[in-house]
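The values are calculated or read from the model by the stated rules, or taken from the named source; none is laboratory data. These numbers were taken from a predicted model, which means no experiment stands behind them. When we count neighbours, we look across all protein chains shown, and the Cβ atoms used for this are built from the backbone with ideal geometry, even at glycine.
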Amino acid sequence: MTTTDSTTAADPRWFRQVLGTYPTGVCVISAIHPDGTPVGMAVGSFTSVSLDPPLVGFLPDHSSTSWPKIRAAGRFCVNILGADQEHVCRAFASKAPNKFAGLGWRPGPSGLPVLDGVVAWIECDLDAVYTAGDHDIVIGRVREMSLGNPTMPLVFFEGGYGRFEPSSRAAADADLFDVLRNVDPGRPEMERIAREMSVECVAGAIVGDEIVHVASAGTPSGGRPAVRVGMRSPLAPPLGMSWLPWADETDVRRWLAQAPTPLSPGQAEAWRVALDRVRDRGFWVRLGGPSQREFDARIKRLSTIADARWRRSVFHDLFDPEPTVEYGQPELGPDTVYEVRAMSAPVFDPGGRARYALILFGFPPRMSGAEIAHCARRLRAACDAAGKGLRTLP
């Protein structure tokens with residue numbers, strides 16, 4: 001049991017200590033003062049407020065000398081700092097007359113300062129300000145926003161700055177709760193294989209007519225996770241190779257019919273042959289190539305698109321009606337070197353029904369066929385272990 005000398009919020013130090021157990025992201029709020037000079041301040045109170053209309057908020061202290069200048073500007077930009085930007089945070093938390101000295105930035109679409117290297121930026125109009133004790137509650141209406149440097153964010157926790165190192169994540173969408181109940185028994189195994197192989201392990205499931213990444217564990221050696229939990233993509237060729245080899249004929253026909261462009265009988269047969277190869281092999285491996293890099297960039301955009309119809313259009317132009325070498329599952333020579341983008345295998349319940357798939361990301365740039373086979377055996381063992389926690393469905 002932990003004991004303390006005080007439980008009263010009247011003690012400011014105790015107030016900060018207790019509230020410090022709740023980690024927050026770190027941002028720089030920037031603006032252009034009416035006199036034309038850039039101004040900014042560091043905050044740890046930034047939050048999403050509303051989706052419709054899109055509103056965000058932060059809480060500046062009344063003692064801040066920068067907040068009145070930002071308020072006078074009438075609009076501001078939220079710069080979400082990366083884990084490697086502690087020095088930027090310190091600069092904007094200081095009383096220096098020119099906090100931008102030595103730091104790179106560029107004007108955003110509205111002319112507001114966007115700092116170099118931030119994880120994301122959000123331009124806002126000042127919508128409302130409310131007084132709350134010794135702080136203001138500032139509401140901004142979002143005008144423009146974009147992702148930036150693909151790195152982990154800077155966080156403030158227990159009185160210090162640090163890095164978010166996620167070992168396990170799960171989607172928060174309400175329509176995924178039933179799927180997550182199936183995945184939860186396998187999450188310790190996901191964490192184990194991610195740790196042992198230094199990869200990211202993602203649980204992907206079919207929900208309606210879409211593929212959803214419902215949970216993940218680990219971080220690839222490159223740093224940032226390859227996919228975002230909750231990301232949805234269309235269940236249509238070429239996506240779906242982690243599941244369709246073990247689906248029934250009705251599901252395969254429906255999948256082929258969802259191709260971005262109608263398939264000829266010969267093209268449909270080529271996809272069926274690829275599915276057969278995956279099923280015979282027991283795992284799917286997505287090989288790399290120039291088209292795959294562009295395809296991956298398109299797929300990453302899916303996490304920012306709410307409309308399912310637009311999600312389908314994201315990769316429409318890149319679709320090849322016949323399986324390319326990246327998807328065609330060629331024979332893997334044990335001594336031949338390949339670029340591996342991902343590897344997956346199904347998780348079966350005790351009755352033999354595939355319930356979801358484990359997908360691995362973050363492999364070394366080059367792997368031999370023998371190394372791929374070794375990783376696949378470890379993946380299959382993880383899937384078998386994860387499946388033991390499932391109930392048999394009729």
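Pairing residues of the range 142-156 that are more than 16 Å from PHE46 (Cα to Cα) with residues that are at pLDDT below 85 and of a type in the set (Asp, Glu), at Cβ distances under 8 Å and at least 6 apart in sequence or on separate chains, gives MET152/GLU165.
Cβ-Cβ under 7 Å, sequence separation 6+ or interchain: first residue in the range 94-109 and in a loop (DSSP other than H, G, I, E, B), partner of a type in the set (Asp, Glu). Which pairs? Every condition considered, the pairs that remain are GLY104/ASP116; GLY108/GLU123; GLY108/GLU144; PRO109/GLU123; PRO109/GLU144. For the range 113-138, a tally of residues being more than 26 Å from the chain's Cα centre (by Cα) and hydrophobic (A, V, I, L, M, F, W, C) returns 6. For beta carbons closer than 6 Å, sequence separation of 6+ or different chains, a first residue in the range 267-283 that is on the phi < 0 side of the Ramachandran plot and a second that is surrounded by fewer than 16 Cβ atoms within 10 Å (Cβ to Cβ), the qualifying pairs are ALA274/GLY328.
For LEU154, the conditions (1) more than 30 Å from CYS201 (Cα to Cα); (2) assigned to a strand (DSSP E or B) all hold with the exception of (1). Only one of the listed residues (ALA385, ALA345, ALA370, ALA381) is touching a strand residue (DSSP E or B) at 6+ places or on another chain (Cβ under 7 Å) and either in a helix (DSSP H, G or I) or closer than 20 Å to ARG192 by Cβ (or both). That residue is ALA345. Filtering LEU358, LEU332 for residues that are assigned by TED's automatic domain parsing to the domain that holds GLY208, touching a helix residue (DSSP H, G or I) at 6+ places or on another chain (Cβ under 7 Å), surrounded by 14 or more Cβ atoms within 10 Å (Cβ to Cβ) and part of a loop (DSSP other than H, G, I, E, B) leaves a single hit, LEU332. Inside the range 35-67, residues that are without any contact (Cβ under 8 Å) to a residue 60 or more places away in the chain, closer than 18 Å to LYS95 by Cα and loosely packed, with under 13 Cβ neighbours inside 10 Å make up a count of 2. Taken over the range 126-141, residues that are under 16 Å from ILE70 (Cβ atoms) and touching a residue at least 24 places away in the same chain (Cβ under 8 Å) amount to 10.
A Cβ distance below 6 Å, combined with a sequence gap of six or more or placement on separate chains, defines the contacts here; from the range 341-366, residues that are closer than 15 Å to LEU180 by Cα reach residues that are part of a loop (DSSP other than H, G, I, E, B) and small (Gly, Ala, Ser) in the pairs ALA357/SER242.
Before we move on, is GLY369 under 22 Å from VAL207 (Cα atoms) and over 23 Å from the mean Cα position of the chain (by Cα)? No, not satisfied.
For GLY282, state whether it is at pLDDT 90 or above, closer than 25 Å to ALA370 by Cα and surrounded by 14 or more Cβ atoms within 10 Å (Cβ to Cβ). In short, yes. Counting residues in the range 59-77 that are assigned to a loop (DSSP other than H, G, I, E, B) and among the basic types (Lys, Arg) gives zero.
The rows are residues; the columns are (1) closer than 26 Å to ASP35 by Cβ; (2) surrounded by 13 or more Cβ atoms within 10 Å (Cβ to Cβ).
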position: GLU86; (1), (2): no, yes
position: ARG90; (1), (2): yes, yes
position: SER94; (1), (2): yes, no
position: ASN98; (1), (2): yes, no
position: PRO113; (1), (2): yes, yes
position: ALA132; (1), (2): no, no
position: SER146; (1), (2): no, yes
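Scan the range 230-248 and give yes if some residue there is surrounded by fewer than 16 Cβ atoms within 10 Å (Cβ to Cβ) and at pLDDT 90 or above, otherwise no. Yes: one or more hits. How many of the residues making up the range 182-213 are more than 17 Å from ARG391 (Cβ to Cβ), surrounded by fewer than 21 Cβ atoms within 10 Å (Cβ to Cβ) and not hydrophobic (A, V, I, L, M, F, W, C)? Final tally of qualifying residues: 9.
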